[in-house]
Amino acid sequence: MGISDPDNLKISLYPNPASGIVHIVADGFSEFQVTVYNLDGRKIRTYNGVEVIDVSDVGQGVYIVKIKHVGGYSIQRLVVRS
């Protein structure tokens, strides 16, 4: 479940916690933009049109992942471990 899911869309990240590849599952959507932020709100990276992201080089910690799609957006918390 996301921190914010305005349209009650089912979007999930797994595995979480992660140390490498993270899969994004969004029911009914295959085109979306994924932006990863640190807890200071600094944008770490942006991915377009992907269903997997690689977080192996972002460093251990907690990150906020915003997933934007045609129907709105979802904000998820992602824990990265080494």
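The values are calculated or read from the model by the stated rules, or taken from the named source; none is laboratory data. Every value quoted in this text rests on a predicted model; they were computed, and no experiment measured them. Cβ coordinates were reconstructed from backbone atoms using ideal geometry, including for glycine residues, and neighbour counts include every protein chain displayed.
Looking at the range 58-82 only, could you name the residues that are of a type in the set (S, T, N, Q) and either assigned to a strand (DSSP E or B) or under 12 Å from I11 (Cβ atoms) (or both)? Once the filter is applied, which keeps residues that are of a type in the set (S, T, N, Q) and either assigned to a strand (DSSP E or B) or under 12 Å from I11 (Cβ atoms) (or both), the range 58-82 yields S74, Q76.
Of all residues in the range 47-82, those satisfying the criterion of being within 10 Å of the chain's Cα centre (by Cα) and among the polar types (S, T, N, Q) are S74, Q76. The condition (being closer than 21 Å to G20 by Cβ and of a type in the set (F, W, Y)) is satisfied by just one residue among Y73, Y63: Y63. Taken together, the residues in the range 53-70 that are modelled with pLDDT of 95 or more, of a type in the set (V, I, T) and surrounded by fewer than 13 Cβ atoms within 10 Å (Cβ to Cβ) amount to 1.
Tallying residues that are surrounded by 13 or more Cβ atoms within 10 Å (Cβ to Cβ) and either under 11 Å from Q76 (Cβ atoms) or modelled with pLDDT under 55 (or both) within the range 1-18 yields 6.
Determine whether the range 19-41 contains at least one residue that is loosely packed, with under 14 Cβ neighbours inside 10 Å, of a type in the set (D, E, K, R), at pLDDT 95 or above and outside any loop (DSSP other than H, G, I, E, B). Checked against the condition, which is being loosely packed, with under 14 Cβ neighbours inside 10 Å, of a type in the set (D, E, K, R), at pLDDT 95 or above and outside any loop (DSSP other than H, G, I, E, B), the range 19-41 yields no hits at all.
Residues that are hydrophobic (A, V, I, L, M, F, W, C) and in contact with a Ser or Thr (Cβ under 8 Å, 6 or more places away or on another chain) were ranked within the range 71-82; the one that is modelled with the lowest pLDDT is I75.
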